[in-house]
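The values are calculated or read from the model by the stated rules, or taken from the named source; none is laboratory data. Note that the structure is a prediction, hence the values are computed from the model and not measured. Don't worry about glycine lacking a Cβ; one is built from the backbone with ideal geometry, like all the others, and counts go over all protein chains shown.
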Amino acid sequence: MDIISLVDDMSEEMYLRLKCAAETGKWPEGTVVDKAQRESALQIAMAYQSRHLNSDEILSIGSDGLIVDKTKRQLKNEFADLKNTPDNNIARFSDI
């Protein structure tokens with residue numbers, strides 16, 4: 001089975017487990033992940049992100065499999081847009 005067909009059939013729950021293993025070096029239940037498992041988990045999680053997630057994070061994997069990064073200007077514009085939304089839940093202290 002190739003990685004693309006594996007990722008296409010993978011559940012979101014499995015993706016989250018692999019992501020946790022790649023990020024922390026442990027499975028969610030606390031078992032330590034060895035180096036080979038961690039590398040495989042990272043590759044599979046990145047492939048899942050590119051196939052299933054439309055991420056707007058500063059650094060992510062695009063649907064074409066390439067790393068998508070944003071410039072400082074793009075991030076400033078996005079944060080400015082968020083600041084003007086009515087459901088903005090960020091605490092702002094302007095009297096300090």
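General remarks:
- Of all residue pairs spaced 6 or more apart or on separate chains, those with beta-carbon atoms under 6 Å, a first member in region 1-15 that is part of a helix (DSSP H, G or I) and a second member that is surrounded by 12 or more Cβ atoms within 10 Å (Cβ to Cβ) are Ile3/Ala47; Val7/Ala47; Val7/Tyr48; Val7/Arg51; Tyr15/Tyr48.
- Residue, modelled with the highest pLDDT, within region 30-68, restricted to residues that are assigned to a loop (DSSP other than H, G, I, E, B) and small (Gly, Ala, Ser): Gly30
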